[in-house]
Amino acid sequence: MIDVLIVGIGEYVTGLSGEGVAKSDKSFGVIALSLFDMRERGLVGEIHLAGRDAKRFDLIWEHFDKNLKSAYPFLDTSFHAYPEEGYSDEAYKEALNQMQEGSCVMIFTPDDTHFQIAKDALEAGMHVLVAKPLVKTTTEHLELQRLAKEKGLLLMLEVHKRFDPIYADAVDQIRTFGDFSLMHSYMSQPKTQLDTFASWAGISSDISYYLNAHHIDLLCWAVQDFAKPVSVVATASTGVADKKLEREVEDTITLTVQWENLQSGALGTSVHTASWIAPPSDVHSQQRFFYMGHTGEVNIDQAHRGYGISTDRVGYKSANPLFMKYTPRNGKFAGQQGYGYQSIETFVRSSDELSKEPTKLAAYNKTLPTIENTLNVTKILEAGRKSLDEGKVIFL
Ligand SMILES: NC(=O)c1ccc[n+]([C@@H]2O[C@H](COP(=O)([O-])OP(=O)(O)OC[C@H]3O[C@@H](n4cnc5c(N)ncnc54)[C@H](O)[C@@H]3O)[C@@H](O)[C@H]2O)c1
């Protein structure tokens with residue numbers, strides 16, 4: 001059993017966004033709920049949550065009491081909150097001081113804050129799980145990689161798509177298709193989500209870092225043994241988000257990546273598009289990709305699993321309980337098989353295992369999405385931003 005500190009108390013952790021309960025597909029959040037359930041299953045001990053504004057916890061307790069408890073009446077939703085009073089950007093440090101070395105720290109804060117918080121957590125001797133995108137620059141990635149290695153700690157990236165059984169099968173298939181030739185990926189969020197992201201969208205991060213991170217990670221993982229990225233050029237569409245947020249911010253970003261197959265030298269191309277101006281639809285987020293290798297191809301629409309639900313309250317929706325299953329069964333949370341949950345459980349179990357057998361770290365660094373094997377993802381995302389800012393092709 002291992003203790004956990006979660007840094008960040010926004011939509012992904014609690015289901016609360018700036019204005020209140022998120023109007024997304026994650027109104028119950030993902031991280032805190034999964035950990036409450038893991039505590040019930042005896043996998044985690046204490047749960048600590050660090051934000052910046054102590055007042056925000058009143059809303060969180062009310063939301064958990066009213067909404068989580070109405071779905072799962074017996075779920076223990078208690079946690080230690082930081083800061084206890086007032087406002088502090090560094091309340092997480094106070095929390096770190098309360099944790100035993102070798103505990104878990106999970107970072108779900110805006111993209112540009114991941115580096116410093118992860119560095120502080122590693123220096124305090126904790127295993128760390130970081131939301132995608134892990135960090136924004138290659139320099140930051142290499143610095144954390146050095147530190148995690150020196151300390152013998154696990155630094156894992158939270159890329160739950162790797163735990164989706166269909167995406168994971170596609171990766172296994174892709175590895176039998178010979179050289180890499182072409183990938184197209186698309187992922188979107190509705191424009192209402194721009195309200196949730198208003199404090200950082202176009203200021204400290206962009207839609208490519210936020211959403212392209214998923215499919216770029218998947219491709220890098222699939223072809224890591226036989227192809228490498230060599231250059232990136234990015235293009236953008238504008239005109240909606242900038243009006244809504246009254247500042248410069250792209251609506252849609254497309255990264256075109258040139259790849260080279262390691263043995264044959266044959267070229268491959270991947271095109272990754274991410275947008276946050278989608279209209280309301282039967283799903284919150286569109287997510288799909290097409291991959292072609294020299295001897296096979298794969299087409300996946302992750303948003304449409306052939307499972308539709310209609311209600312008087314919200315009309316028709318294409319459902320994906322494979323990610324997070326919120327609908328209770330016999331008054332209990334029943335989403336332990338969801339790939340959102342599995343991604344977090346894998347980190348918790350692996351960290352706990354390391355406290356008994358530290359030598360397992362080498363194996364985890366091969367098989368899990370860790371700082372050791374995701375450098376190309378950071379390189380491509382950073383090059384995408386640079387290409388937009390400098391208006392040219394970036395060579396890696
Ligand atoms: N929302 C999603 O569906 C989703 C899914 C996967 C990953 N993520 C990732 O999770 C991270 C957070 O996303 P979100 O949607 O929850 O954002 P959000 O804007 O709703 O929440 C961010 C939270 O971070 C807190 N924060 C900022 N600086 C902090 C600091 N110094 N110390 C402690 N807390 C701090 C804010 O107060 C806020 O509670 C991002 O990196 C995002 O890419 C989000």
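The values are calculated or read from the model by the stated rules, or taken from the named source; none is laboratory data. Because the structure is a prediction, the values reported are computed rather than measured. All Cβ positions, even for glycine, are placed from backbone atoms using ideal geometry, and neighbour counts span all protein chains on display. Calculation scope for accessible area: heavy atoms of the full protein, side chains included, ligands and nucleic acids excluded. Shrake-Rupley method; radii C 1.70, N 1.55, O 1.52, S 1.80 Å.
Details
- Contacts under 7 angstrom Cβ, first residue in region 106-117 being closer than 19 Å to residue 154 by Cβ, partner open to solvent by 20 Å² or more (accessible area, probe 1.4 Å) and more than 6 Å from the ligand (Cβ to nearest atom), 6 or more apart: 115/140
- Of all the criteria given as (1) assigned to a helix (DSSP H, G or I); (2) at pLDDT 95 or above; (3) open to solvent by 60 Å² or more (accessible area, probe 1.4 Å), the one not satisfied by residue 351 is (3).
- The sole residue among 384, 391, 308 that is open to solvent by less than 20 Å² (accessible area, probe 1.4 Å), assigned by TED's automatic domain parsing to the domain that holds residue 249 and modelled with pLDDT of 95 or more is 384.
- Residue 90 being surrounded by fewer than 17 Cβ atoms within 10 Å (Cβ to Cβ) and either farther than 19 Å from residue 17 by Cα or not aliphatic (A, V, I, L, M) (or both): yes
- For the criterion of being farther than 19 Å from residue 32 by Cβ and in the same structural domain as residue 11 (by TED's automatic domain parsing), residue 113 fails.
- Hits in region 110-140 - residues which are in contact with a Gly (Cβ under 9 Å, 6 or more places away or on another chain), within 11 Å of the ligand (Cβ to nearest atom) and modelled with pLDDT of 95 or more: 113, 117, 131
- Cβ-Cβ contacts under 7 Å between residues 6 or more apart (or on different chains), taken from a first residue in region 41-52 that is among the acidic types (Asp, Glu) to a second residue that is more than 16 Å from the ligand (Cβ to nearest atom), are listed as 46/3.
- Flag: residue 276 matches the condition of being under 16 Å from residue 210 (Cβ atoms), open to solvent by less than 40 Å² (accessible area, probe 1.4 Å) and aromatic (Phe, Trp, Tyr).
- Filter result (in contact with a helix residue (DSSP H, G or I) (Cβ under 8 Å, 6 or more places away or on another chain) and part of a loop (DSSP other than H, G, I, E, B)) within region 128-180: 132, 133, 134, 135, 136, 137, 152, 153, 154, 159, 164, 175
- Qualifying position, being within 30 Å of residue 243 (Cα to Cα), outside the structural domain of residue 237 (by TED's automatic domain parsing) and touching an Asp or Glu at 6+ places or on another chain (Cβ under 9 Å), among 149, 191, 136: 136
- As a summary of the residue check, residue 195 satisfies the conditions (1) modelled with pLDDT of 95 or more; (2) within 13 Å of the ligand (Cβ to nearest atom) except for the one numbered (1).
- Evaluated against (1) more than 22 Å from residue 374 (Cβ to Cβ); (2) more than 13 Å from the ligand (Cβ to nearest atom); (3) without any contact (Cβ under 8 Å) to a residue 60 or more places away in the chain, residue 203 falls short on exactly one condition, (2).
- If you go through region 260-274 and keep only what is part of a strand (DSSP E or B) and under 12 Å from residue 178 (Cβ atoms), you end up with 261, 268.
- Selection status of residue 298, crowded, with 18+ Cβ neighbours inside 10 Å, at pLDDT 95 or above and in a strand (DSSP E or B): yes
- Residue match in region 213-225 (condition: open to solvent by 30 Å² or more (accessible area, probe 1.4 Å), within 22 Å of residue 190 (Cα to Cα) and out of contact with any Ser or Thr (no Cβ under 7 Å at 6 or more places or on another chain)): no
- Single match in 313, 247 (criterion: free of Cβ contacts under 8 Å to residues at least 60 places away in the same chain, under 30 Å from residue 391 (Cβ atoms) and not in a helix (DSSP H, G or I)): 247
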